[in-house]
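The next block holds one structure in the form of structure tokens; read it before the comments.
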Amino acid sequence: MRVPVPGTRAVAKQTSTGPTPVAMEDNQASAQLRIVPATAADIDALSALLVETVASNGSVGFMHPLPMEQARAFWTAALEEAGQGRRVVLCAWRDGELLATGSLALVQAPSQPHRAELTKVMTAPAARGAGVGAILVRALEQVARERGRRLLTLDASLVEGATSFYRRLGYHTTGDIPEYAYKPLGGLGATRIMWKLLDAREPMRVTAVDRAIDERHMCHALDLAERAEKEFDEIPVGAVVVSAAGEVIGEGWNRNILDHDPSAHAEIMAMRQAGQALSNHRLVGATLYVTLEPCAMCAMALVHARIARVVYGAADPKTGACGSVFDVIGDPRHNHRVQVQGGVLGEEAGRRLTNYFRAKRGKPLV
């Protein structure tokens, strides 16, 4: 049976005695994304990805620096478990390059024949934000179904955006454990225990995106943020709403001070203009680009407006509601799902915000 992957078109299938392999074409031109079971020939590529993930402070059970020999030993043992039917390791390849990997640990307890643990999901930096990780997790879920494992569990670090990623894929939160494990670069971090029943309601369709288009519209939002600061001395946050057809239908920047309006955030202003342009309070199929992660107020407004996707620049470690502090937008109880992508031109967006507040306090700019 072919593994169906939402948002892709299957183009090939390989013969294997292990988990069902799948190859598919994503929505970007003709580049093929192949998801297949890992083999011994993949150990070097898998090891390089593991070392890179640890070096970037990814919580995957190892400390930095991770020697390549230790990484190879881990993958050798993992593939031995796969050969014994105790683990599944999938790789996502494109043009001979390993973009991502993920594993299923098939629980061996006699009382839990229906459960598997989702683990070691890693995406190469060049592939992040393009939907590869979501496609890989869907493929792992299909393999779990084939193995009769309908309950998946995992633990995700609270430091990165991992928890919001899984929430968008339909995973639920059981609870948080403080000081669960040391981060690869040092310091204890908390973890979140999550789960998903595969026969539950499926999450929204996740499709690949064009990073160049995202960056172009984020540059537009950054220009609006600069206008907010220079012309009105407002906090430099800008937002743009782009229709499903790719047309800019709304622009906005912070106007709280100017309008004496606590709700006049950049996102709200941009959505108001977009609603007027469409003569509709629903912005179905539209994407909102904003230089700072939306707060709880704006996150709920995005849900009510039926925005299809929100792309933000800098994360907000104090009030971010798209996964950094709260995950308002990803709550599975909503009757509308909004796809979230963070970190697009995030360093530049964050630098401008930092400099705005440093200037207010008379500190040197960074």
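Total residues in the stretch 94-108 satisfying the condition of being open to solvent by 40 Å² or more (accessible area, probe 1.4 Å) and touching a residue at least 40 places away in the same chain (Cβ under 8 Å): the figure is 2. Annotation: residue 262 fulfils all but one of (1) within 23 Å of residue 346 (Cα to Cα); (2) modelled with pLDDT of 95 or more; the unmet one is (1). So is residue 111 free of Cβ contacts under 8 Å to residues at least 24 places away in the same chain and hydroxyl-bearing (Ser, Thr, Tyr) or not? Spelling it out, residue 111 is indeed free of Cβ contacts under 8 Å to residues at least 24 places away in the same chain and hydroxyl-bearing (Ser, Thr, Tyr).
Given the criteria at pLDDT below 95 and not in a loop (DSSP other than H, G, I, E, B), does residue 33 qualify? Yes, satisfied. I'd like to check something: does the stretch 85-98 contain any residue that is of a type in the set (Gly, Ala, Ser) and in a strand (DSSP E or B)? Checked against the condition, which is being of a type in the set (Gly, Ala, Ser) and in a strand (DSSP E or B), the stretch 85-98 yields at least one hit. The single residue among 54, 60, 143 that is within 25 Å of the chain's Cα centre (by Cα), under 27 Å from residue 178 (Cα atoms) and part of a helix (DSSP H, G or I) turns out to be 54.
Name the residue, out of 102, 186, 148, that is closer than 25 Å to residue 79 by Cα and assigned to a loop (DSSP other than H, G, I, E, B). Walk me through how you get there before you give the answer.
Working: 102 fails: assigned to a loop (DSSP other than H, G, I, E, B); 186 fails: closer than 25 Å to residue 79 by Cα.
Criteria check complete, one pass: 148.
Considering only residues that are over 17 Å from residue 301 (Cβ atoms) and part of a loop (DSSP other than H, G, I, E, B), which ones fall in the stretch 208-243? Scanning the stretch 208-243 gives 208, 209, 210, 233, 234, 235, 236, 243. Only residues that are open to solvent by 40 Å² or more (accessible area, probe 1.4 Å) and over 23 Å from residue 86 (Cα atoms) were counted in the stretch 111-144, giving 3.
Scanning the stretch 300-315 for residues that are charged (D, E, K, R) and either open to solvent by 30 Å² or more (accessible area, probe 1.4 Å) or within 14 Å of residue 265 (Cα to Cα) (or both) returns a single hit, 306. Applying the condition of being of a type in the set (Val, Ile, Thr) and assigned to a loop (DSSP other than H, G, I, E, B) to the stretch 304-328 and asking which residue is modelled with the highest pLDDT yields 307. Might you let me know whether the stretch 145-157 holds any residue that is open to solvent by less than 40 Å² (accessible area, probe 1.4 Å), touching a Gly at 6+ places or on another chain (Cβ under 7 Å) and not aliphatic (A, V, I, L, M)? There is at least one residue in the stretch 145-157 that is open to solvent by less than 40 Å² (accessible area, probe 1.4 Å), touching a Gly at 6+ places or on another chain (Cβ under 7 Å) and not aliphatic (A, V, I, L, M). Might you let me know whether the stretch 265-284 holds any residue that is closer than 23 Å to residue 176 by Cβ and charged (D, E, K, R)? There is no residue in the stretch 265-284 that is closer than 23 Å to residue 176 by Cβ and charged (D, E, K, R). Scanning the stretch 330-351 for residues that are more than 15 Å from residue 289 (Cβ to Cβ) and surrounded by 17 or more Cβ atoms within 10 Å (Cβ to Cβ) yields 330, 332, 337, 350.
Between 269, 297, the distinction of being among the hydrophobic types (A, V, I, L, M, F, W, C), modelled with pLDDT of 95 or more and surrounded by fewer than 20 Cβ atoms within 10 Å (Cβ to Cβ) belongs to 297 only. Selection within the stretch 208-240: residues that are of a type in the set (Asp, Glu) and crowded, with 20+ Cβ neighbours inside 10 Å. The member of this set that is farthest from residue 351 (Cα to Cα) is 214. When 285, 246 are checked against the criterion of being under 25 Å from the mean Cα position of the chain (by Cα), in a loop (DSSP other than H, G, I, E, B), in contact (Cβ under 8 Å) with a residue 40 or more places away in the chain and surrounded by fewer than 17 Cβ atoms within 10 Å (Cβ to Cβ), a single residue qualifies: 285.
The values are calculated or read from the model by the stated rules, or taken from the named source; none is laboratory data. Since we're looking at a predicted model, the values are computed, not measured. Quick reminder, even Gly has a Cβ in these numbers, built from the backbone with ideal geometry, and neighbours come from all protein chains shown. In case anyone asks, the SASA skips ligands and DNA or RNA and just uses the protein heavy atoms, side chains included. Shrake-Rupley method; radii C 1.70, N 1.55, O 1.52, S 1.80 Å.
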